[in-house]
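Below: the structure, in structure tokens.
The values are calculated or read from the model by the stated rules, or taken from the named source; none is laboratory data. Everything numeric in this text was worked out from a predicted model, so none of it was measured. For neighbour counting, all protein chains shown are included, and Cβ atoms are generated from backbone atoms with ideal geometry for every residue, glycine included.
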Amino acid sequence: MSITLTNVNVLLSKPSLRIVSGSGAISITSTKAASVFGYMGVLFVKGGNQATLTVGSTIYLINLLTGTYTKSQ
């Protein structure tokens, strides 16, 4: 599996160096046995250790501290 984040724009706070906001394009590809799949999306960091990942029309809400996520309705 390969995950690539490009066109990254991140704003950090001083002196904690926490991510205040940011965005980037994300590409996820994998080859398993004879099948290959890939997804493209956009990651937005909203501050407060929260982010959204949009892949196609699906939006995931991500907690950056715990790594947990929920699919938005």
> In this structure, is Ser30 touching a residue at least 24 places away in the same chain (Cβ under 8 Å), surrounded by 11 or more Cβ atoms within 10 Å (Cβ to Cβ) and among the small types (Gly, Ala, Ser)?
Replying inline: yes
| task | Kindly indicate whether Ser35 is of a type in the set (S, T, N, Q) and either under 18 Å from Ser2 (Cβ atoms) or exposed (fewer than 13 other Cβ atoms within 10 Å of the Cβ) (or both). | result | yes
| query | Would it be correct to say that Ile3 is modelled with pLDDT under 90, exposed (fewer than 11 other Cβ atoms within 10 Å of the Cβ), closer than 22 Å to Thr70 by Cα and not acidic (Asp, Glu)? | reply | yes
Checked pairs for the stretch 41-65, first surrounded by 14 or more Cβ atoms within 10 Å (Cβ to Cβ), second not in a strand (DSSP E or B), C-beta under 6 Å and 6 or more apart or across chains, list as Ala51/Leu64; Ile59/Ser72; Leu61/Ser72; Leu64/Asn49
